[in-house]
Amino acid sequence: MDKPRLVSAAELSAKAPPLEGVPTGVKGLDELFFALDPKSLKPKPLGGFPRGAAVHVTGVSDTGKSLLAEQFALKQAERGERVLFVTTETPAPLLVQGLKLRARAMGLEEGLLEEILIADAATYPSLREDLPSLFATLESGLGPRTRHLVVDSLTGLYEAKEIAARQIVRQVYAFSKRHHLTGVMVSQKRSGHEELSAEAAGGYAVSHILDATLVLAKVLVMSPAQAKIYRAGLGEMVRLLRIDGCRLSGHDTRTHLLYIRPEGLLEVGPPLGG
């Protein structure tokens, strides 16, 4: 291994990848990331997550985190790019059941599921509790078309040992970077966390390490004022999405309405007040 040394930014610029968008499979989300037009210096839509980014998706239960992860995985399979999918919450056969439903709703053929390779850390504790075993399993699925990593959820890798969250997340992040993967990594919020903050179980370590954070939230409409703000009726549950930073590209900073459509797909709506 080469000895660490100081390297100039000019020397490293030759190794910097071009800024490219990866379509997410979620309607209304791709347009929320942007780059600057080199001539006009005005924002232009990137068309998805920045290629190579490790994207953190956090929220309390029933906000659409897993739907986002599944739609992202299926979109990449449709594009002919292979996905490594780590499931720590749902056993693999049940995950596949959900992927089939999502594929049908997205108008995709079930044959695309061949492009999604699943590491079942929900069923096999060795994958959940020993990162070298997990990484060795994932490496067996690497190839020229393997471009993405989905983890649902990171929290499952450090449950009951949140003090180690930063160390564990950093290793997953390093694995993703080492193999030039675009990552979607879900984490869980505790019910006591502020809904629209980037904090997750394990503290702020997750969002501090990963490249971008999407915060998903839900609000029960209980007053006429809330009904006006959220464009919903009294007693309705409203879901929200906000991008809490992205190191690799520009992004929309507003809070958007978020819908789970009857067919079971996530869709980003208009911004509040917009």
What is the projected area of the convex hull of the Cα atoms of segment 1-152, averaged over all directions, in nm²? 12.4
Count of lysine pairs in the chain with Cα separation under 19 Å (8 or more residues apart, or interchain): 15
Calculate the spin-label point distance for R261 paired with L94, positioning each point 7 Å from the Cα along the beta-carbon direction, and give it in nanometres. 2.6
Quick one: dipole size for the chain, taken about the Cα centre, charges +1 on Lys/Arg Cβ and -1 on Asp/Glu Cβ, in debye to the nearest 20. 680
In Å², rounded to a whole number, the accessible area per residue of the chain with probe 1.4 Å is 49
Computed E for S223/I163 - FRET, C-beta separation, R0 30 angstrom, nearest 0.05: 0.15
If you take the beta carbon distance between L131 and V7 as r and set R0 to 25 Å, what does 1/(1 + (r/R0)^6) give as a FRET efficiency, to the nearest 0.05? 0.35
In debye, nearest 20: dipole of segment 105-250 around its Cα centre with unit charges on the Cβ of K, R (+) and D, E (-)? 580
With all protein chains present, the chain has a carbon and sulfur share of its accessible area (1.4 Å probe) in percent of 56
Which whole-Hz ³J(HN,Hα) couplings does segment 34-48 yield from phi under the Karplus relation 6.51 cos²θ - 1.76 cosθ + 1.60, θ = phi - 60°, glycine and proline marked x? 9, 10, 9, 5, x, 8, 8, 6, 9, x, 9, x, 7, x, x
Sort the chain into rounded, prolate or oblate with this rule: let a ≥ b ≥ c be the square roots of the eigenvalues of the Cα gyration tensor; rounded if a/c is under 1.5, and if a/c is not under 1.5, prolate when a/b is larger than b/c, oblate otherwise. rounded
Electrostatic dipole magnitude of segment 1-132 [Cβ: Lys, Arg +1; Asp, Glu -1; Cα centre; debye, to 20]: 520
Counting alpha carbon pairs within less than 8 Å and at least 6 residues apart, what relative contact order, in whole percent, applies to the chain? 22
Rounded to the nearest 500, what is the 222 nm mean residue ellipticity of the chain from helices alone, with -39500 (n - 2.57) per DSSP H run of 4+ residues and division by all residues? -7500 deg cm²/dmol
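The values are calculated or read from the model by the stated rules, or taken from the named source; none is laboratory data. The model shown is predicted, which means the values in this text are computed figures rather than measured ones. Quick reminder, even Gly has a Cβ in these numbers, built from the backbone with ideal geometry, and neighbours come from all protein chains shown. Protein only, heavy atoms only, side chains kept; ligands, DNA and RNA dropped before computing areas. Shrake-Rupley method; radii C 1.70, N 1.55, O 1.52, S 1.80 Å.
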